[in-house]
1. I'd like to know if segment 165-180 contains one or more residues that are in a helix (DSSP H, G or I) and under 30 Å from ARG132 (Cα atoms).
2. Quick check on my filter: what residues within segment 404-422 are over 24 Å from PHE328 (Cβ atoms) and either touching a residue at least 24 places away in the same chain (Cβ under 8 Å) or acidic (Asp, Glu) (or both)?
3. Which strands (runs of 3 or more DSSP E) sit wholly inside segment 27-73 and have at least 2 residues that are buried (at least 20 other Cβ atoms within 10 Å of the Cβ) and touching a strand residue (DSSP E or B) at 6+ places or on another chain (Cβ under 6 Å)?
4. For segment 371-392, name all the residues that are of a type in the set (D, E, K, R) and out of contact with any Gly (no Cβ under 9 Å at 6 or more places or on another chain).
5. Would you confirm whether any residue within segment 218-233 is of a type outside the set (Val, Ile, Thr), assigned to a loop (DSSP other than H, G, I, E, B) and over 23 Å from PHE371 (Cβ atoms)?
6. Yes or no: PHE262 more than 22 Å from VAL379 (Cα to Cα), buried (at least 18 other Cβ atoms within 10 Å of the Cβ) and not hydroxyl-bearing (Ser, Thr, Tyr)?
7. If a residue counts only when it is touching a strand residue (DSSP E or B) at 6+ places or on another chain (Cβ under 6 Å), which helices (runs of 4 or more DSSP H) contained entirely in segment 250-349 have at least 2 such residues?
8. List the pairs whose first member sits in segment 304-319 and is closer than 18 Å to ALA39 by Cα and open to solvent by 10 Å² or more (accessible area, probe 1.4 Å), whose second member is assigned to a loop (DSSP other than H, G, I, E, B) and of a type in the set (Asp, Glu), and whose Cβ atoms are under 9 Å apart, counting only residues at least 6 apart or on separate chains?
Amino acid sequence: METVLPGHVASGLMMQANDEHDKEEGKYPDFVAYHFLNAFGELMAMEEDGSNTQKFLEQGLSVDGSSIRGMASVEKSDLRLIPEPDSFLSLRLGTEGNNGGKNAFTHHRFLAHLVDENGMPHPRDPRGILRRLVDNAHGMGFEPLMFSEIEFFVVDSDTGKPADTAGYCSLPPIDTGYEFRHQLGGVCKDAGMKVKRIHHECGPGQNEIELNLTPCMKNADDSLLCQWILQLLAAQRNQRIIFSPKPFADQAGNGLHHHIQFLDLKTGRNVFANPEFGEEEAKIDPANTRRLSETCKHGIAGLLKYASEITAVFAASNESFVRLKPGFEAPGYAAWDFSNRTALVRIPHCSQATMRFEYRGGDLSGSVHLFGSVLLAAVLRGIEEKLELQLNSNFNVEELSPEDLKKQGIRQVPKTLEECLDILKTSEFLKNALGEEMIQVLIERDEELLLDSAQTV
């Protein structure tokens, strides 16, 4: 069996990227897991005998699509996973503790995407949809990067109560998640993620990890892997993780903020920064709209124009709409500004070289990959159509009256699942971006949620 390189021992859960599996001598792990997504973006895996690894890398492997949520009917159930050779990762899960590591086990994985019986990308594979949109960006001369801010609550497994009573940027002893966050950060770094920041968030037991700018697909894959790691770490402590948008009515909700940056595919230059606006000028006047390139303005305008469609894709819970209410830094109005946390899209404090914008409305109730896909599609559409950017809203948007919002041309994002369902059924933009089959999946998702809600009333 392959030797797993040392990982983050102190965490009790180790992960180590290891691309040196010995193909020539056929030394593979006893079993290899092939990670893929169902139509709703949930992480799944097929585990195969390691001796077949080279064959699967060359030919793919079959799975029963009818047993994969949202993927295929019984009549057309044969699907194939296509492993991605450069995605191999050796993970060591479990404790190295008092029992000599008896609870430890290894997990070796490749990422894989789904193809149909004709070998074509499966139209309901969220990774395949994101890959297609990244290819579109490449065709326009851009390398799209994203980084995600993942918020979550840590609660006791037995009682469901938050793990502590701490608040934003607290320290021990009131912050009991300090060690847990450092374990998480270390494990994620060992797994090849670019961890930017970890800290306690506003709510009791609420924490955040930020994964820094990487290509869109890696960002989405890392975000999903990070969620799994969180659940594994929490289980070791008799705790569990809550990612849902608004688990506690009187506390801040859990968001998934996405920062977006485009580089020139040939030169690597940040195309969102106006090259005629210098770094020194930016320090003196950080909120000057001249800092933004025309490409950047068009991209933000795309996000604002299609904010309702974006919400319809990521909002897979009634809690999404409870979260998007004033007072908890969860903006529900299609406005933009510099550093303004009541705006749906904001330019964070940054240099010209690191110019980017942040979409603050999202959450983790739906698919991370589909959320990234619709964000990317909206930015690209804005650039393609050269959409004009409205004036920035350098005020508290949440304090505006309905009349003032109308005067400012600021629209509210959908407030209910019913509104989102109507958008999914009628939006040509979404059909073009995600494909008709995936839109049907989302329609059925919302119809099922509405039915469940009606039955519980």
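1. no
2. Once the filter is applied, which keeps residues that are over 24 Å from PHE328 (Cβ atoms) and either touching a residue at least 24 places away in the same chain (Cβ under 8 Å) or acidic (Asp, Glu) (or both), segment 404-422 yields LEU421, ASP422.
3. Details: elements: 31-37, 43-49, 61-64.
Passing ranges, in order: 31-37.
4. LYS386, GLU388, listed by residue number.
5. no
6. Working: more than 22 Å from VAL379 (Cα to Cα): no; buried (at least 18 other Cβ atoms within 10 Å of the Cβ): yes; not hydroxyl-bearing (Ser, Thr, Tyr): yes.
No: the conditions fail for PHE262.
7. Details: elements: 279-284, 294-305, 307-314, 319-323.
Fully inside segment 250-349 and qualifying: 294-305.
8. Listed pairs, sorted by first residue: ALA316/ASP363; SER317/ASP363.
The values are calculated or read from the model by the stated rules, or taken from the named source; none is laboratory data. Fair warning: this is a prediction, and the values are worked out from it, not measured in the lab. Here Cβ is always computed from backbone atoms with ideal geometry, including for glycine, and neighbour counts include all displayed protein chains. Calculation scope for accessible area: heavy atoms of the full protein, side chains included, ligands and nucleic acids excluded. Shrake-Rupley method; radii C 1.70, N 1.55, O 1.52, S 1.80 Å.
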